[in-house]
Every structure is written in C-alpha cells, then in structure tokens.
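Chemist: Could you have a look at this structure, given as structure tokens, before my questions?
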Amino acid sequence: MSQIETNYVVAQDIFAAKGIDSEQAMATLRQTPISVHCWQIDDLTGFESFDSVLTGGIQATGNAPGKPRSIEEYIEHLREAFSYIPGALKLALHSVYPVTTNKVERNAIAPEDFKFWVDFAKEQKIGLDFNPTYFSHPMAASGLTLTSPEQNIRNYWIEHGIASRRIGEYFGRELGQVCITNHWIGDGSKDYRIDKVGPRKLLIESLDRIFADKIDPRHNLDSVESKLFGIGVESYTPGSHEFYTNYVMSRNNCIICLDTGHYHPTEMVSDKLSSYLAFGSEIMLHVSRGVRWDSDHVLMFDDETRAIMQEIVRANALSRVHIGTDYFDASINRIAATVIGTRNAKKALLYALLQPNKQLRDVEAGGDFTKRLALYEEAKTLPVGLVWDMFCEREGVQGSGWVEALQAKQTAKGSWR
Ligand code: RNT
Ligand code: ZN
C-alpha cells in the first residue's frame with residue numbers, strides 16, 4: 001500500500017466512527033462540477049485584441065511574467081491548469097474568447113465562433129458556462145450599457161445578451177449539460193444620483209427583451225449578477241442585490257448569481273443561500289475572495305468558502321446551486337492561481353461533505369446547543385486532508401506535489417516568481 005492509501009484507511013475509520021461515509025463523500029465530490037472562470041489565465045484580456053483594456057470598474061493588478069501572448073499559449077496554459085485539478089469541471093467562458101479567423105462584433109457573435117470550445121470541452125469531458133461581456137468595448141465607453149439613456153447603445157447590448165444566450169443554448173445542447181449564461185453589467189454612477197428609479201426601469205426593460213425568447217432550460221439557464229459598487233462606480237449601481245432578487249422572483253425567466261465579493265464586507269453569501277433555497281430557487285455562485293473590498297483575490301480554503309459549501313450540502317442543494325469561481329490576480333503565476341482557487345473550492349466542498357451533518361442536525365433539533373458547538377468545533381480537525389490526497393490519487397492528479405511540478409515547468413520559461 002502506498003503512504004496515501006495507508007493514511008486513507010486510517011482516515012476512513014475515523015470518519016466511519018462518526019457515521020460519515022468518506023467513499024460517498026468522494027463520489028459526490030467527483031460528480032459535482034466546479035465552473036472554473038477562464039479569465040484568471042490572462043487577466044480577462046480575451047482574444048479580441050491582445051492589448052485590450054479592462055473597463056467596467058474591475059481590475060487585475062500585478063505584473064507577473066508568463067501572461068499568454070497568443071490563443072495557442074492561452075490554451076496551453078489552461079490545459080496545464082486543468083491537469084492539476086481533480087474531479088468534474090466546467091469552464092466558464094466570456095464572450096471575448098471566440099476562436100475565429102475574422103473579427104466578430106459583440107452583437108453578432110454566433111455559435112460557430114465558439115465551436116473550438118465545444119470541441120475542447122468534449123475532449124476534456126467538461127461542461128461549459130458563458131458570460132456576455134458588457135464592458136471593455138467602445139460601446140461601453142460611457143460606462144453605461146443596458147441602462148444607457150441612449151437607445152442605440154441599449155439595443156447594441158441587448159443584442160449582445162440575446163446572442164450570448166444562443167451560444168449558451170448551443171453549448172448545452174452539444175454537451176448534454178446545462179450552460180449557465182451569466183449576465184453582469186458594470187453600469188453605475190461615480191457620485192450621488194438623483195434619479196435612481198429611471199436606470200432601474202431601463203434595466204428591467206432591457207432584461208425583459210434579452211430574456212423574451214424561451215430557451216430549453218436543460219440547455220441554457222440565465223443568471224443575473226448583482227453588485228454593490230465598482231471602481232469609479234462607487235455611489236450607485238442599478239443592478240443591485242435587491243434589484244436582481246426582485247427581478248428574478250417576479251419574472252421567473254432567470255436565476256440569481258451571488259458573487260461573494262459583491263456585498264458589504266461583513267455581509268456573507270453563506271447566510272443568504274437558504275433564503276433562496278427555501279423558495280426552491282436555483283442559484284449561480286461566483287466564489288471569490290474580497291480583501292477589504294471586492295478585490296477578487298485567489299480563493300482560499302477559508303471560513304466563508306467552507307460555510308458556503310456547508311450550506312449547500314446541509315440543504316441537500318448540490319443540484320440547485322451551480323458553483324463557479326471568479327477572481328483575478330496578476331501578481332502571481334496565473335496558471336497556479338487558477339489551480340489554487342479551484343482546488344480550494346473543491347477541498348471546501350469535501351470538507352462540508354465530511355462533516356457530521358446528521359449528528360449536528362439531530363443535536364440541534366434536540367435543543368442541546370452546548371453539544372452542537374462542541375461537536376461543530378471537534379469536527380474542524382478531522383483528517384479531511386488525507387481523504388483529499390486519496391481523491392487526487394484516484395483522479396490521477398498530484399496531491400500537494402503539484403506545485404513543484406508546475407514550478408519546475410514555469411521556472412524554465414521564466415514565468416515563476
Ligand atoms: C464583476 C463581476 C463579474 C466579472 C466577470 C469577469 O465584479 O464579478 O462576474 O468578474 O464577469
Ligand atoms: Zn462575479
């Protein structure tokens with residue numbers, strides 16, 4: 001037996017003694033996809049132009065070497081990242097990553113512009129998600145898109161939203177796995193706004209037009225992502241949390257997307273999930289890590305990430321909550337950043353699956369809150385890492401040694417620091 005197997009046998013017994021089935025936990029982990037955002041690999045530069053400038057109030061800071069300089073390099077880096085991530089995956093694309101020979105206008109993007117990605121997904125045996133890109137474009141120069149007072153600008157972005165849903169539908173049909181097409185706009189106001197209702201009415205109208213055509217929900221589901229503020233958009237965002245929650249509940253034509261960086265720093269997404277789940281809603285998640293603000297740091301195996309996974313597991317909602325990542329750090333190796341955050345999301349899910357959830361629930365129902373706290377704390381040091389190592393081995397992915405393997409390759413290219 002290898003050391004990993006020996007360790008696992010011990011861990012399995014420890015969990016079994018608490019009524020926790022580690023084999024079942026690994027099986028669930030294996031099947032639950034994490035949707036990896038494609039944009040950590042290249043700071044959201046995309047393929048439209050290699051010197052495109054990121055706008056919309058978001059930013060990737062840092063100048064680590066090794067940023068891909070061509071589509072080929074981008075794909076190579078993505079493949080490299082995927083080779084270190086165990087279990088089921090989806091890839092969340094943005095619309096600025098078409099693989100075409102000619103330039104395509106955003107309001108005219110079509111499924112064939114993304115055929116490359118369907119072939120890639122089939123080869124990698126993964127699913128795809130999609131994101132229209134309502135920023136980094138001359139038509140978004142004013143900072144306003146779906147809420148612009150100018151009809152022609154709104155129309156342009158509405159067409160982009162519609163075209164994006166068609167691509168999502170194509171992904172879902174081709175891959176036999178639903179695509180979530182996530183709509184986020186950076187619209188807002190730097191300073192205090194007098195008319196706060198007007199832009200929101202325009203946003204309702206724009207969204208109603210984007211979602212007017214019914215698409216088979218087995219192929220494409222749309223999500224709408226709220227935000228509190230962005231850089232240069234500090235005072236007012238029409239697409240706020242309350243706005244989209246009301247939109248989703250009143251229209252029933254899309255689902256909510258909650259990004260962990262998009263709330264006041266003491267407000268937790270983990271606390272919000274059950275309120276949607278109680279209504280039977282589906283949820284898209286952008287799991288991120290804000291540091292003092294919506295800074296999109298690389299995801300850690302931290303309290304909030306674990307709390308999110310615990311909420312999903314305890315509510316038995318793994319089929320209703322679509323878990324995706326969203327962060328961009330250009331100060332460290334970008335391939336490693338993609339791997340670290342995704343592995344942490346998966347590890348946090350494993351942690352949640354290996355908690356004595358039934359026992360905790362029973363103790364709580366019995367009213368013994370002392371024991372609840374004691375058990376909750378004891379469970380934090382159960383040997384989750386030994387099960388994780390076994391999971392990686394079974395999935396043919398390196399355990400903690402992955403970082404040395406990647407480091408060796410990246411150092412040879414001058415891309416590690
Ligand atoms: C921005 C949102 C949005 C973007 C991506 C690139 O604050 O989180 O999800 O990060 O669309
Ligand atoms: Zn997001």
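The values are calculated or read from the model by the stated rules, or taken from the named source; none is laboratory data. It should be emphasised that the depicted structure is a prediction, and the values quoted were computed from it without experimental measurement. As a convention, Cβ positions derive from the backbone with ideal geometry for all residues, glycine included, and neighbour counts pool all protein chains shown.
Chemist: Somewhere in the range 299-318, is a residue assigned to a loop (DSSP other than H, G, I, E, B), within 16 Å of ligand 2 (Cβ to nearest atom) and touching a residue at least 12 places away in the same chain (Cβ under 8 Å)?
Modeler: yes
Chemist: Looking for something of a type in the set (A, V, I, L, M, F, W, C) and buried (at least 22 other Cβ atoms within 10 Å of the Cβ) - is there at least one such residue anywhere in the range 141-152?
Modeler: Checked the range 141-152: at least one residue is of a type in the set (A, V, I, L, M, F, W, C) and buried (at least 22 other Cβ atoms within 10 Å of the Cβ).
Chemist: Same structure, new question: Any residue in the range 171-184 that's closer than 16 Å to GLU282 by Cα: show its pairings with residues that are more than 16 Å from ligand 2 (Cβ to nearest atom) and of a type in the set (S, T, N, Q) at Cβ separation under 6 Å, as long as the two are six or more apart or on different chains.
Modeler: CYS179/ASN220; THR181/ASN220
Chemist: Continuing with this model, one more query. In the set GLN410, GLN359, GLN398, which member is within 25 Å of the chain's Cα centre (by Cα) and polar (S, T, N, Q)?
Modeler: GLN398
Chemist: Does LEU93 satisfy the criteria of being within 16 Å of ligand 2 (Cβ to nearest atom), touching a helix residue (DSSP H, G or I) at 6+ places or on another chain (Cβ under 6 Å) and modelled with pLDDT of 95 or more?
Modeler: When the stated conditions are applied, LEU93 passes them.
Chemist: Something else: Starting from residues that are among the aromatic types (Phe, Trp, Tyr) and within 16 Å of ligand 2 (Cβ to nearest atom), keep the ones in the range 244-285 and report whichever is farthest from ARG218 (Cα to Cα).
Modeler: So, considering only residues that are among the aromatic types (Phe, Trp, Tyr) and within 16 Å of ligand 2 (Cβ to nearest atom), the one farthest from ARG218 (Cα to Cα) is TYR263.
Chemist: Somewhere in the range 359-377, is a residue farther than 30 Å from CYS38 by Cβ, buried (at least 17 other Cβ atoms within 10 Å of the Cβ) and touching a Pro at 6+ places or on another chain (Cβ under 8 Å)?
Modeler: Within the range 359-377, one or more residues are farther than 30 Å from CYS38 by Cβ, buried (at least 17 other Cβ atoms within 10 Å of the Cβ) and touching a Pro at 6+ places or on another chain (Cβ under 8 Å).
Chemist: In a helix (DSSP H, G or I) and over 25 Å from the mean Cα position of the chain (by Cα): is that true of LEU207 in this structure?
Modeler: no
Chemist: Kindly list the number of the only condition in (1) under 19 Å from the mean Cα position of the chain (by Cα); (2) surrounded by 15 or more Cβ atoms within 10 Å (Cβ to Cβ) that fails for LYS125.
Modeler: Here LYS125 meets the rest and fails (2).
Chemist: Please go through (1) surrounded by 22 or more Cβ atoms within 10 Å (Cβ to Cβ); (2) more than 16 Å from the chain's Cα centre (by Cα); (3) within 12 Å of ligand 1 (Cβ to nearest atom) for SER223 and return the number of the only condition it doesn't satisfy.
Modeler: Every condition holds for SER223 apart from (2).
Chemist: While we're on this one: Taking the condition more than 16 Å from ligand 1 (Cβ to nearest atom), without any contact (Cβ under 8 Å) to a residue 60 or more places away in the chain and crowded, with 24+ Cβ neighbours inside 10 Å, does GLY168 pass?
Modeler: When the stated conditions are applied, GLY168 does not pass them.
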